[in-house]
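Novice: Encoded as C-alpha cells, here's the structure I'll be asking about.
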Amino acid sequence: MDFAFPPNANHVFKEDRRSPAEVAATPGNGYNEPDTHPDPESLEVILGWLGRTGESITRG
C-alpha cells in the first residue's frame with residue numbers, strides 16, 4: 001500500500017497553490033477551470049505506481 005500527500009494537490013490531485021482561506025472563499029473551488037492541471041508530484045506518484053503495478057501483473 002502506498003500513501004502520498006503532495007503538499008500542493010487538492011483532493012482530486014490537481015495542483016492548487018491557494019491558501020485554505022482562498023479555497024474556502026471560492027465557489028466551486030475551480031476544479032474544472034481551463035487553467036487547472038494535474039499536480040506534477042501527484043502525477044509522478046500515480047505513474048510510478050501504475051508502472052510498478054503493470055510490471056507485477058506482466059510477471060504474473
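The values are calculated or read from the model by the stated rules, or taken from the named source; none is laboratory data. Remember, it's a predicted structure, so these values are computed and weren't measured experimentally. Note that each Cβ is placed from the backbone with ideal geometry, even for glycine, and that neighbours are counted across all protein chains shown. We work out accessible area using only protein heavy atoms, side chains counted, and drop any ligands, DNA or RNA first. Shrake-Rupley method; radii C 1.70, N 1.55, O 1.52, S 1.80 Å.
Novice: Which residue is surrounded by the fewest Cβ atoms within 10 Å (Cβ to Cβ), if the candidates are limited to the range 1-37 and must be among the aliphatic types (A, V, I, L, M) and in a loop (DSSP other than H, G, I, E, B)?
Specialist: From the range 1-37, those among the aliphatic types (A, V, I, L, M) are 1, 4, 9, 12, 21, 23-25; that's our starting set.
Now restrict to residues that are in a loop (DSSP other than H, G, I, E, B): 1, 4, 12, 25.
Working: Met1: 2, Ala4: 13, Val12: 13, Ala25: 10.
Going through the qualifying residues, I end up with Met1.
Novice: What are the residues in the range 38-54 that are open to solvent by less than 100 Å² (accessible area, probe 1.4 Å) and not hydroxyl-bearing (Ser, Thr, Tyr), if any? Spell out how you get there, then give the answer.
Specialist: Residues of the range 38-54 open to solvent by less than 100 Å² (accessible area, probe 1.4 Å): 38-43, 45-46, 48, 50-51, 53-54.
Listed by number, the residues that qualify are Pro38, Asp39, Pro40, Glu41, Leu43, Val45, Ile46, Gly48, Leu50, Gly51, Gly54.
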